[in-house]
Amino acid sequence: MYQRRKFEFFEEKLAGRCTIPEEVREKKIECCSSGRGKVVIGCNDGSVNLLDRGLKFSYGFQAHSSTVSFLQQLKQRNFLVTVGEDVQIPPQQTMCLKVFDLDKIEPEGSSATSPECIGILRIFTNQFPEAKITSFLVLEEAPPILLIAIGLDNGNIYCIKGDIARERINRFKLQVDISDKNQSSITGLGFRVDGQALQLFAVTPDSVSLFSLQSQPPKGQTLDHIGCGVNGVTMSDRSELIIGRPEAVYFYEVDGRGPCWAFEGEKKLVGWFRGYLLCVIADQRNGKNTFNIYDLKNRLIAHSLVVKDVSHMVCEWGSIILIMDDQSALCIGEKDMESKLDMLFKKNLYTIAINLVQSQQADAAATAEVLRKYGDHLYSKQDYDEAMAQYIHTIGHLEPSYVIQKFLDAQRIYNLTNYLENLHEKGLASKDHTTLLLNCYTKLKDVEKLNVFIKNEDSAGEHKFDVETAIRVCRAANYHEHAMYVARRERKHEWYLKILLEDLGRYDEALQYIASLEPSQAGVTIKEYGKILIAHKPRETIDILMKLCTEDGESLKKRSSNRTYLSMLPSPVDFLNIFIHHPQSLMEFFEKYTNKVKDSPAQVEINNTLLELYLSNDLNFPSMSQVGNGRSNSFVERSEATLMSAESNTKVSFEDRLERQEKGLRLLKSAWPSELENPLYDVDLVIILCEMNAFREGLMYLYEKMKLYKEVIACYMQTHDHDGLIACCKRLSDSGKGGDPSLWADLLKYFGELGEDCSKEVKEVLTYIERDDILPPIIVIQTLSRNPCLTLSVIKDYIARKLEQESKMIEEDRQAIEKYQEDTVAMRREIEDLRTNARIFQLSKCTACTFTLDLPAVHFMCMHSFHQRCLGDNEKECPECAPDYRKVLEMKRSLEQNKDQDQFFQQVKSSKDGFSVIAQYFGKGIISKTSHEPPKATTTVSENPSSTNDFQ
């Protein structure tokens, strides 16, 4: 097997330059070790030499006085442990163990350097008698503890454990069971550490033993009764013992012999390197030595080379170093993975290439690339099934489109389906992959697989494909039930309803599904598909909308106010768009809602919409009788039938219009109760609607509520409704009830410009004008003179009454003037008398307290007299007359400072005779431009002739 599978996965490194340095070549090499970037060589003269990369000499030092038999470079610490002969009492020599710290270099003279020896230990003592050392091994435990095993030719193993530098050590001895004293030497040792368990393998020429060192005393057992010679023992990286015998190589675990590999020939050297088994085998037939590197996992020879006699083999710097008996050296290194794979690809050995990358734990991308090439190779040989098996292993690393393009042929649809299934199984499929897989199922008509794919879920209960893509593809292929299953499972309500309504026409089922949804989700779906539902199932749709917008929610009502609860529900206004072609249904919906909900936050918008529906002249909506139970084969046919039924009902009966206008008028009145300043609708919008649709009753109601009385009578004037016009003026002209008396003037002007005989109406209007004295007679005559159809007889009685009334007023004014003139003359005389003559005060009682007047007394020009004590501190003005005069002064001052102007204008406006109010203010001197200063406390009030002071 291995003869047929030889490969050159290794190559010689440093060709021609890998030689033992001159400093070492003159000596005999007794032992070798490697580690921490160095190769350490022990020689027969007791020296130790350290070589750097490329076997370049670094330095050397004298470790022992004689031969260095064994040495080992430690891995964790830069320590070197040696065993050699030293002279203690000449000429006696003894075997010593030394520990050198290679990080501490001590200069010796001017040119040589030597590491510090931190510990020296005699191997043989009285309790541990001397024997020939045949094997040596050091195990690094927790620093600074070392465990050293020394194998002897008598079957004993001396163990030293502890800190050698501080001479804190423990010695113990192990004994291998010996059947033949001639075959009792220890040829190999190996430590196995498994957690807390520490075990030691010991090999003799005819046995393999195992000692458990964690128990005290250590227990030993014989694993096998065959062994091997010196240099035929090594340890694998999995802590397996490996021994090389002429017939085979054996592996041992703690429980005994393991696998056996039959490599013929004497195994002169056995080693392990990065998972490879190294063997130097002597061929008895031609006397040559062959160095083989075995890849046991892949059952191949990674490298084979004929070599000279090899004395030592070490591994360092990622290479295998062979030192020959003639002190020549050979450095062999592993080729990179790419080179090895190229070699295999050229020979089409793809299976070995795959095993190789997997055994060497290459990254997944490298493995996928090998699988891709293998798949391409199989595809070129038209082995599509096996090729697809390889491509499936590349999922996650190879672009799926690379594989899909190769299998788009209809004959390979089964392979493509298999690949897409695995792609979805690993959760790496895109929307396009889902589409392609479902199309494969539908083309194959494989309903069973389609069911499995649609209903398959991962551990988290989720589908392994793009849900919307699956729904869309199944729907396009008329697999509606599958599409609905996915949509319902994944709560894709829009897709579920779209299939029910547009593809299957199952309106009742769609309504039931919407009713089962959460309110928020139901609202979204109604907005999306409400147009279709209203067209076919208007009553049922309205019922769902009512439930959605007026859900009882008792628990929620208990925790919050009714208005707060209503604000959390969907607003009916949000669903206006679904009634775009069905105003009658919209009107029914809003009427039901307003009857049930009285204080909706959207009440204004609802009322506006209802008024627009009520007041419109033409209300177009499809006849419900036209929507029968028969279903068309397509949604388009059903939509066309609906439109045809709408066109056949474009005219609404006159009775229906009157009924709607009555509803509109009732809504206008009910939505503007007397306690509200503003109505629950947009007044400006409703006025426009009333004007557009010639709804006079609503228009007049709004004008009257807005106190636009002139616009109210204008409506009557437009229709020439004289009786209604006069009745309206009677109702709206009463100023005591907030009316406007000036309406009669507008009414008179209307009749004056009418151009027809309206004597009866004019006489009635003149009655109210005369009663409220709204217009002067001259204005009345001028206004009515514009109507050629009116005669003087219409106003004859009115003019006669007004002339008689004016005559009486003139006479009354003349008499008042004469009286005021007489009073003025009398006042002037009194003033003159006050200026020129003395005033005699004859009052005998005090005006304030009415007791007999006695001295001291104060007399005022207004003929009031007071006790001085009754006046208090105010002796300069009459307490009786001063308040009235002060009041006049305050009114005058306030008017000058613009404080009482509103009151003045209000009186002028509310009075029947505004001129009399103005004359009254002039008479009081309030509007006079002359300013009067208030009387000073120390002077006589000269401005008021009725007040002065005198002392008696």
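The values are calculated or read from the model by the stated rules, or taken from the named source; none is laboratory data. It should be emphasised that the depicted structure is a prediction, and the values quoted were computed from it without experimental measurement. All Cβ positions, even for glycine, are placed from backbone atoms using ideal geometry, and neighbour counts span all protein chains on display.
Some notes on this structure:
- The range 780-827, subset out of contact with any helix residue (DSSP H, G or I) (no Cβ under 6 Å at 6 or more places or on another chain) and of a type in the set (Lys, Arg), residue farthest from residue 748 (Cα to Cα): 819
- Condition check for residue 322: at pLDDT below 90 and buried (at least 20 other Cβ atoms within 10 Å of the Cβ): no
- Yes/no for residue 228 being part of a strand (DSSP E or B) and either in contact with a Pro (Cβ under 6 Å, 6 or more places away or on another chain) or assigned by TED's automatic domain parsing to the domain that holds residue 155 (or both): no
- Under the condition of being in contact with a Pro (Cβ under 7 Å, 6 or more places away or on another chain) and at pLDDT below 90, the residues counted in the range 78-101 number 0.
- Hits in the range 329-349 - residues which are touching a helix residue (DSSP H, G or I) at 6+ places or on another chain (Cβ under 9 Å) and outside any helix (DSSP H, G or I): 334, 335, 348, 349
- Breaking point among (1) without any contact (Cβ under 8 Å) to a residue 12 or more places away in the chain; (2) closer than 25 Å to residue 917 by Cα; (3) assigned by TED's automatic domain parsing to the domain that holds residue 921, for residue 885: (1)
- Selection status of residue 503, among the charged types (D, E, K, R), assigned to a helix (DSSP H, G or I) and either touching a residue at least 60 places away in the same chain (Cβ under 8 Å) or out of contact with any helix residue (DSSP H, G or I) (no Cβ under 8 Å at 6 or more places or on another chain) (or both): yes
- Taken over the range 418-455, residues that are β-branched (Val, Ile, Thr) and either surrounded by fewer than 20 Cβ atoms within 10 Å (Cβ to Cβ) or not in a helix (DSSP H, G or I) (or both) amount to 4.
- Taking the range 839-897 as the range and being charged (D, E, K, R) and within 29 Å of residue 829 (Cα to Cα) as the test, the residues that pass are 839, 845, 875, 876, 877, 880, 884, 886, 887, 890, 892.
- Restricting the range 34-68 to residues that are in contact with a Gly (Cβ under 9 Å, 6 or more places away or on another chain) and outside any strand (DSSP E or B) leaves a set whose member that is farthest from residue 323 (Cα to Cα) is 65.
- Candidate set from the range 593-605 (those that are touching a Leu at 6+ places or on another chain (Cβ under 9 Å) and in a helix (DSSP H, G or I)); member that is surrounded by the fewest Cβ atoms within 10 Å (Cβ to Cβ): 604
- Residue count for the range 393-416, restricted to those that are closer than 19 Å to residue 441 by Cα and crowded, with 20+ Cβ neighbours inside 10 Å: 5
- Candidates in the range 806-850 are the residues that are in contact with a strand residue (DSSP E or B) (Cβ under 8 Å, 6 or more places away or on another chain) and among the aliphatic types (A, V, I, L, M); of these, the one that is modelled with the highest pLDDT is 848.
- Scanning the range 1-53 for residues that are at positive phi and at pLDDT 85 or above turns up 35, 36, 37, 46.
- Summed over the range 53-72, residues that are of a type in the set (Ser, Thr, Tyr) and in contact with a Lys or Arg (Cβ under 9 Å, 6 or more places away or on another chain) total 2.
- Identity of the residue in the range 145-165, free of Cβ contacts under 8 Å to residues at least 40 places away in the same chain and part of a loop (DSSP other than H, G, I, E, B), that ends up nearest to residue 82 (Cα to Cα): 145
- Residues of the range 756-772 satisfying the condition of being in contact with a helix residue (DSSP H, G or I) (Cβ under 9 Å, 6 or more places away or on another chain) and touching a residue at least 24 places away in the same chain (Cβ under 8 Å): 758, 759, 761, 762, 763, 764, 765, 766, 768, 769, 770, 772
- Residues in the range 510-524 that are over 13 Å from residue 547 (Cβ atoms) and surrounded by fewer than 20 Cβ atoms within 10 Å (Cβ to Cβ): 513, 520, 521, 524.
- Considering residues of the range 910-933 that are closer than 25 Å to residue 816 by Cα and among the charged types (D, E, K, R) only, the residue modelled with the highest pLDDT: 913
- Flag if residue 427 is within 20 Å of residue 374 (Cα to Cα) and out of contact with any strand residue (DSSP E or B) (no Cβ under 8 Å at 6 or more places or on another chain): no
- Enumeration of residues in the range 199-219 that are at pLDDT below 90 and either part of a strand (DSSP E or B) or outside the structural domain of residue 254 (by TED's automatic domain parsing) (or both): 219
- Of all residues in the range 668-711, those being assigned to a helix (DSSP H, G or I) and either within 23 Å of residue 617 (Cβ to Cβ) or without any contact (Cβ under 8 Å) to a residue 12 or more places away in the chain (or both) number 22.
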